[in-house]
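Trainee: Sharing a structure, written as structure tokens. Questions coming.
Nothing in this text is a laboratory measurement; each read-out follows from the coordinates by a stated rule. It should be emphasised that the depicted structure is a prediction, and the values quoted were computed from it without experimental measurement. Methodologically, a virtual Cβ is constructed for each residue, glycine included, from the backbone with ideal geometry; neighbour enumeration extends over all protein chains shown.
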Amino acid sequence: MNKMKYNDFLDELLTNAKKLKGKYPPISEIVNKEVKLLKIKDIYKLEDNVLKLYLFSTINYSKEPKYRYFIGDVIASQSSDFIVYLTKDLAINNKLRLIQYCLYPNIHRVNLIGLKEINKEEDYPKVIDNFKKLNKKFKEKLEKIHTIIEN
């Protein structure tokens, strides 16, 4: 893919985005049975009417590419083991990662975030569609549990 086109896409994505301030812990991933850390360069809150989207700009642990970009959607503003349990299968089916991450360190609230790496411009609409499906199914599960508890 044309690197210039991808960079233009990222610039366009960030035009209305708000950069979050502060220092953030790295995101870990397992590669060949070894834990690798992706240091957070920046986090941006993206403009979206439906989802709570964030763009994570990370410094790659390998030399190429230098930076990796992830789109994150806040599934739950207050995460718990139960909520992770409910969303785990949905995330796997939609090929998303789940992380418990504190977006605002001063508040000390751990969010449950679905993450998906974007490598090319064409990935973005698919990722947004996957997040919408995940949120819809997650809400359906919560409503089902709510009706069971009420009865």
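Trainee: What distance in nm separates the simple spin-label points at residue 143 and residue 81, each placed 7 Å from Cα in the Cβ direction?
Mentor: Distance between the two pseudo-spin positions: 2.9 nm.
Trainee: Right, next: Report the residue, chosen from 134, 14, 96, that carries the largest GNM mean-square fluctuation when the chain is represented by alpha-carbon nodes joined by springs under 10 Å.
Mentor: 14
Trainee: Local charge sum around residue 63 (other residues, Cβ-Cβ under 15 Å, Lys/Arg +1, Asp/Glu -1)? Could the numbers behind the result be given before it?
Mentor: Details: positive: 36, 39, 66, 68; negative: 64.
Summing Lys/Arg as +1 and Asp/Glu as -1 gives +3.
Trainee: Also, I was wondering about something else. Counting pairs of Cα atoms in the chain, how many percent are more than 24 Å apart? Mind dumping the intermediate values first?
Mentor: Numbers: 3991 of 11325 pairs.
For the chain, the fraction of Cα-Cα distances above 24 Å is 35 percent.
Trainee: 7 Å from Cα along Cα→Cβ at both residue 20 and residue 107: what's the point-to-point distance in nm?
Mentor: Simple spin-label model gives 0.9 nm for this pair.
Trainee: Sticking with this structure for a sec: I'd like the orientation of helix 123-150 relative to the chain: the angle between its Cα long axis and the longest Cα principal axis, in ° from 0 to 90, rounded to 10.
Mentor: 20
Trainee: Follow-up question, since we're still on this one. Under a point-charge model restricted to the Cβ atoms of Lys and Arg (+1) and Asp and Glu (-1), what is the dipole moment magnitude of segment 3-150 relative to its Cα centre, in debye to the nearest 20? Write out the running numbers ahead of the final one.
Mentor: Details: 29 positive and 20 negative charges, 71 e Å.
In debye, rounded to 20, segment 3-150 gives about 340.
Trainee: What residue among 127, 84, 35 has the largest mean-square fluctuation in a Gaussian network model of the chain, using Cα springs under 10 Å?
Mentor: Taking springs between Cα atoms under 10 Å, the residue moving most is 35.
Trainee: Karplus couplings for segment 85-98 from phi (6.51 cos²θ - 1.76 cosθ + 1.60, θ = phi - 60°), rounded to Hz, Gly and Pro as x?
Mentor: 4, 5, 9, 4, 5, 5, 5, 5, 4, 9, 6, 10, 9, 10
Trainee: Now for a different question. Could you tell me which of rounded, prolate or oblate describes segment 79-151, using a ≥ b ≥ c as the square roots of the eigenvalues of the alpha-carbon gyration tensor, with rounded for a/c under 1.5 and, failing that, prolate when a/b is larger than b/c and oblate otherwise?
Mentor: On the way: a/c = 2.53, a/b = 1.30, b/c = 1.94.
Taking the square roots of the gyration eigenvalues as a ≥ b ≥ c, segment 79-151 is oblate.
Trainee: Considering the dipole of segment 3-150 built from charges on the beta carbon (Lys and Arg +1, Asp and Glu -1) around the Cα centre, which of 147, 87, 65 is farthest to its positive end?
Mentor: 65
Trainee: Place a label point 7 angstrom from the Cα of residue 126 along the Cα-to-Cβ direction, then list the residues of segment 48-82 whose backbone nitrogen is under 20 Å away.
Mentor: Of the residues in segment 48-82, 54-56, 65, 68-73 have backbone N under 20 Å from the label point off residue 126.
Trainee: Another one. Assuming 0.36 nm per residue, please report the length gained on full extension of the stretch residue 133 to residue 35 beyond their Cα-Cα distance. Before the final figure, lay out each step's value.
Mentor: Working: separation 98, 0.36 × 98 = 35.28 nm, distance 2.96 nm.
Full-extension gain reported as 32.3 nm.
Trainee: Can you pull out the trypsin sites (Lys or Arg not before Pro) in segment 26-83 whose DSSP state is coil and whose Cβ has at most 11 other Cβ atoms within 10 Å?
Mentor: Working: sites: 33, 36, 39, 41, 45, 52, 63, 66, 68; in loops: 33, 52, 63, 66.
Loop-located and lightly packed - 33, 63, 66.
Trainee: How would you classify segment 10-81 from its alpha-carbon gyration tensor, with a ≥ b ≥ c the square roots of the eigenvalues: rounded for a/c under 1.5, else prolate if a/b is greater than b/c, otherwise oblate?
Mentor: Details: a/c = 2.13, a/b = 1.32, b/c = 1.62.
The shape class here is oblate.
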